[in-house]
Amino acid sequence: MENQEGSGNIPRWENMDKDILSNIFKKLDVLDVIMGASRVCITWFLASHNKTIWNTIKLNDLDSIILDNPLYPNLQASGSRYQLRKILIEINKFARTAPKSFFFNVYCNVAEEELAIISNGMPNIQKLALPMWTSLNINSIQSAFSKWQNLQTLIIHTFMSITVREFSSVELQAIGENCRNLTTVKFTTMLDKPLANIIVRNFPSLERLSFRCSYACIDASISLIIGLPNLKMFNLSHCIFMQHTGIDNMYRILGMRPKDELVQAGTEKLDRFMVCCSDCTICQDVRRHENDPNRFALKFRYVLEERWKTDEIKELEL
């Protein structure tokens, strides 16, 4: 009988202090909060609206999000449950204008409607990671980034059409014109001379730039070092370097070691110039992955995701 009376004094979960609950919910994945914890009881529902939970939003749970990526259907895990649009609508209900950082999963396919949901509902974003594939046009990009005028850090793949696979300077120009506070950018795509010219023209205030684990043209890299007057940090770690052949868009692969003139240009001007001067283990993994014909299979999905989240420039860590 005494044990029964004692057990009645044990605090119940639904009566826990909402601030304590909020601190617990911060440790959960976003989907666990919006689709799980918030639906337990009214106390948990109210605690789920605490603004501190939503300062940073990471869509990391790849197994629960339907990627809707027609180019790489093999990357989709079986059993995925939620459409991206439904997830973003639910996040908006809880987060409102609180988010300062928003990170998509690298493999999501973001359409105009999805981008509009977060740009209209979350205008205070300062750090944004867009996925590798998007179905966006210039109007949706212009509209979204016009609302993110406080954006300081951007992780982006150059905008490509799902069908045409080309990128245009118009989209990056729209970002540059609207986001005057943008100082830190990571591109997860090949650095060639046309892209370098676009960056110099549209992002003159850049202080930190990364092309980590990408293909990088030597001449394009040097033109960025020279052409960006405020550049302080340039990360070309684990890159495969190329040299333009002088014929159209033809490049010759040089390997993982940068040429001396690039190293000299970077070290003389910049505060930090990051390259690998000898093969490190990450360089070996990059080379092995690029040469693997099955690199877009499900078992390799975490390789690119890890490169997406990791960077030697701390402002670009996800």
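Any read-out appearing in this document is the output of simple, stated calculations on the displayed coordinates, not a laboratory observation. These figures come from a predicted structure and were not determined experimentally. All Cβ positions, even for glycine, are placed from backbone atoms using ideal geometry, and neighbour counts span all protein chains on display.
Descending by average beta-carbon neighbour count within 10 Å, the peptides 257-268, 100-111 line up as 100-111, 257-268, the highest first. Overall, the ratio between the Cα radius of gyration of the stretch 199-318 and 2.2 N^0.38 Å, rounded to two decimals, is 1.09. Taking other C-beta atoms within 10 Å as the exposure proxy, Phe211, Phe45 rank Phe45, Phe211 from fewest upward. Under the simplified labelling scheme, the Glu113-Asp219 pair shows an inter-label distance of 4.5 nm, with each label point 7 Å from Cα along Cα→Cβ. The packing ranking of peptides 238-245, 136-143, highest mean first, is 238-245, 136-143, where packing means the average number of other beta carbon atoms within 10 angstrom of each residue. Shown here: the stretch 168-244, whose C-alpha atoms stretch 32, 26, 20 Å along the first, second and third principal axes, sorted largest to smallest.
For the peptides 221-229, 23-31, what is the packing order when you average, over each peptide's residues, the other Cβ atoms within 10 Å and list the highest mean first?
Ranked by mean Cβ neighbours within 10 Å, highest first: 221-229, 23-31.
The slack between Ile42 and Asn124, meaning 0.36 nm per residue of separation minus the straight C-alpha distance, is 26.7 nm. Pairs from the table (Lys27/Lys100; Lys58/Lys186; Lys27/Lys309; Lys51/Lys100; Lys26/Lys147) lying more than 21 angstrom apart at Cα are Lys26/Lys147.
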